[in-house]
Amino acid sequence: MIKQAQEILSLLPSSIQYADVRIVDQQSEQIATKDGVVEALESSTSRGYNVRILKNGVWGFAASNDSSKEGVEATIKKAMEITRASTRYKQEDVALDDQKPVKATYKTPVTEDPFAVPMEEKITLLLEADKAQRVSDTIAISQTSYQANREKKYFVSTIGSEIEQEITWTGAGIEASAVSGGEFQNRSYPNSFRGQNQTRGFELVRELKLAEHAPRIGQEAVDLLTADLCPSGTFDIILDGNQLGLQIHESCGHAVELDRVLGYEASYAGTSFLTPEKLFDFQYGSPIVNLTADATIPGGLGTFGYDDEGVPAQRTFLVKNGMFEDYITSRETVTTLHKINPKYNKKSNGTVRASSWSRLPMIRMTNINLEPGDKRDISRQAQTLHNSNGSKAPGASWRNGLKISSAHGGSLEELIADTKYGIFMSTNRSWSIDDKRYNFQFGTEIAWEIKDGKLGRMLKNPTYQGITPEFWNSCDAICGRGEWTVWGTPNCGKGQPSQIMYTGHGASPARFRNVKVGVVKW
């Protein structure tokens, strides 16, 4: 396939500034059960190629699944015609950062090939979990889902890169819905919205032990019907890792996409409050908040070897000790940022991907993570509460008495024990955030009251709301590496036409002080 991609590249005219060719071969499989019946069973394949051409300072892009000589020539012709048409409307020339040519291969480590597992075995596993959730007549709906995807990509470019990748990801989950009278409650495992997904093989599905957890999930759905309503007011809250993953996705991940910041996404998905003048000079969170974009984590749904511009996977601090440090970028957007903020002198951090061979690559989240707490860092991070003059940094909500907790870096049990009164919330149910990623409201499937360091009564319909920087500045404790999980989000939408991409979010449970919960009077 690399040879075929090189043949396509060789047909491009010498007058171009830059070009790359991607050949993509995709395979997917999905199974869903509902109330003891296989509701859906889908299998699909897709293969095609695209050419991306930079000429006269503008892009031309075209894609096709016709790999005949005539088909390739027509595709190149279309891409060139787009560059000619775009030249008349350009405002400034596109410039790319300097990258070294790469010749490499990458393959997702897989213990058990998901496509080699017999279909009957997969269906049996799901139906057993489906049945095990039905612990009561009040369980109105029991569901399971499974998905596997494999993507083989072949990339060549005019700078001399030749890259072959094979990326595999797998996921599964269960969901139970209970109904009584006019009351409806839902519980999911290990996460809502298609469960847990990682760049791994079928071994992940086996490790989830869906059938073993199903009775608990079903019973929690039933118990929620008669649980007390989550109180309204201002409380300390602890967010479970699965909920925190979505919090990171919405309020950090999308906010640091540099194409959003520059206005490329404004008409469809909004921009960002993290504008360029804030870079290196904005207190995004408390001093224990460290957020990274890391495409190198084993198992992360946003893990790969090279992005779709041939840039190596990287680990980048977005927020370091609470301070806003960087965006997720492309070869094009970093050159624009250099002009806007002279302090910024970095190259692309390798976050450009396309959802298929027929789509133009764009900036997408990789694995956007809240780094786990570390007890050894408590004293060092506590010192960052003060600047060189010994006074507290301006604008941070932790100046009002918040301190680094002794539970920082410990277990969830220790964090709960360190909380006198609060609410522990788990598993996302709903979310809403404005087009600048600033004001938000989230709801979770379940919560428990924390009283005198112990979990108490179950609470239903919990919600919380906040303003992104105020919320992250209220974070005073993060559980350690032992509680840290990379959660997969397989359904992130962006772009026109829309592209659905898979991303990851590493998180441990964390505590946030004085958060508005429920229906609050302003």
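Readers should treat all values here as calculations from the given coordinates under stated rules, not as data from a laboratory. Computed from a prediction, not measured in an experiment: that's the story for all the values here. Glycine also receives a Cβ, built like all others from the backbone with ideal geometry; neighbour counts cover every protein chain displayed.
For E449, E81, the sequence from fewest to most other C-beta atoms within 10 Å is E81, E449. Across the range 501-508, rounded Karplus estimates of 3J(HN,Hα) from the backbone phi angles (6.51 cos²θ - 1.76 cosθ + 1.60, θ = phi - 60°) give 10, 9, 9, x, 8, x, 7, 10 Hz, Gly and Pro being marked x.
Less than 5 angstrom separates the built amide H of W59 from none of the residues sequence-distant by 5 or more or on a different chain. Within the same chain, lysines fewer than 8 places from K122 are excluded, and of the rest, those with a Cα less than 23 Å from its Cα are K34, K131, K209. Using the Kirkwood radius built from alpha carbon pairs, what does the Stokes-Einstein equation give as D for the chain at 37 °C and 0.692 mPa s, in µm² per second? Approximately 134 µm²/s, per Stokes-Einstein. At each listed q (0.10, 0.16, 0.19 Å⁻¹), what is the log10 of I(q)/I(0) that the Debye formula gives for the range 103-213 modelled as equal alpha-carbon point scatterers? Computed log10 I(q)/I(0) values: -0.40, -0.76, -0.93.
Which loop chymotrypsin sites (Phe, Trp or Tyr not before Pro) in the range 79-187, with loop taken from DSSP, have no more than 10 other Cβ atoms within 10 angstrom of their Cβ? Could you put the intermediate results ahead of the total?
Values: sites: Y89, Y106, F115, Y146, Y154, F155, W169, F184; in loops: Y89, F115.
In loop regions of the range 79-187 (DSSP not H, G, I, E or B), the sparsely surrounded chymotrypsin sites (Phe, Trp or Tyr not before Pro) are Y89.
For the range 265-337, the set of chymotrypsin sites (Phe, Trp or Tyr not before Pro) satisfying both a DSSP loop assignment and a count of at most 16 other C-beta atoms within 10 Å is given as F280. Subtracting the Cα-Cα distance of A74 and Q496 from their residue separation scaled by 0.36 nm leaves 149.6 nm. List residues of the range 338-365, by number, whose backbone nitrogen lies under 18 Å from a label position 7 Å along Cα→C-beta of R315. Under cut-off, by backbone N: 349-351. Cβ-Cβ distance of T45 and D281, R₀ of 45 Å, FRET efficiency by 1/(1 + (r/R0)^6): the value works out to about 0.40. If you wrap the Cα atoms of the range 406-454 in a convex hull and average its projected area over all directions, you get 4.5 nm².
Give the relative contact order (percent, whole number) for the chain; include only Cα pairs under 8 Å separated by 6+ residues.
Numbers: 1363 pairs, mean separation 82.3, N = 522.
Contact order relative to length: 16 percent.
Pairs exceeding a 28 Å alpha-carbon distance, out of K3/K107; K152/K494; K77/K107; K103/K343; K107/K494: K77/K107; K103/K343. Note on K460: aspartates and glutamates with a C-alpha under 16 Å away, same-chain residues under 8 apart excluded, are E183, E220, D223, D228, D240, E445, E449. On full extension, the segment bounded by A417 and S180 gains 81.9 nm, given 0.36 nm per residue less the C-alpha separation. With R₀ set to 41 Å, the beta-carbon distance separating S14 from S356 gives a calculated FRET efficiency near 0.90. Among the trypsin sites (Lys or Arg not before Pro) found in the range 209-263, those both in a DSSP coil and sparsely packed, with 13 or fewer other Cβ atoms within 10 Å of their Cβ, are K209. Close amide H partners of M365, meaning residues 5 or more places away or on another chain with modelled amide H under 5 Å apart, do not exist here. Considering only alpha-carbon pairs that sit under 8 angstrom and 6 or more positions apart, the relative contact order computed for the range 233-517 is 28 percent. For S161, nonlocal amide neighbours, meaning residues 5 or more places apart or on other chains whose placed amide H falls under 5 Å from its own, are V102. The phi-based Karplus calculation (6.51 cos²θ - 1.76 cosθ + 1.60; θ = phi - 60°) puts the 3J(HN,Hα) values of the range 319-333 at 10, 10, 6, x, 8, 5, 10, 6, 10, 9, 9, 10, 5, 7, 5 Hz, whole numbers, x for Gly and Pro. Measuring max minus min along each principal axis, the C-alpha atoms of the range 2-226 give extents of 71, 39, 33 Å (largest first).
The share of alpha-carbon pairs in the range 233-517 lying farther apart than 28 Å comes to 34%.
Label positions at K343 and V38, each projected 7 Å from the Cα along the C-beta direction, are separated by 5.8 nm. Here the 3J(HN,Hα) profile of the range 277-294, calculated from phi with Karplus coefficients 6.51, -1.76 and 1.60 at θ = phi - 60°, is 5, 7, 4, 6, 9, 9, 7, 6, x, 5, x, 8, 7, 10, 10, 10, 9, 9 Hz, Gly and Pro shown as x. Volume per residue for the range 14-83 equals 108 cubic angstrom (convex hull of Cα atoms). With the convex hull of its Cα atoms as the shape, the range 147-189 has an orientation-averaged projected area of 5.2 nm².
Do any of K278/K339; K153/K346; K320/K346 go past 19 Å between their Cα atoms, and which?
On the way: K278/K339 15 Å; K153/K346 27 Å; K320/K346 16 Å.
Exceeds cut-off: K153/K346.
The length gained on full extension between S136 and M119, counted as 0.36 nm times the residue separation minus their Cα-Cα distance, comes to 3.2 nm. Centre-to-centre separation between the Cα atoms of the range 200-252 and those of the range 150-173: 32 Å.
For the chain, what is the calculated [θ] at 222 nm in deg cm²/dmol (nearest 500), taking -39500 (n - 2.57) for each run of four or more DSSP H residues and dividing by its residue count?
Mean residue ellipticity, 222 nm, calculated: -6000 deg cm²/dmol.
Report the calculated FRET efficiency for R88 and S28 (r = Cβ-Cβ distance, R0 = 51 Å), to the nearest 0.05. Write down the numbers at each step before the final one.
Numbers: r = 40 Å, r/R0 = 0.78.
Once rounded, the FRET efficiency stands at 0.80.
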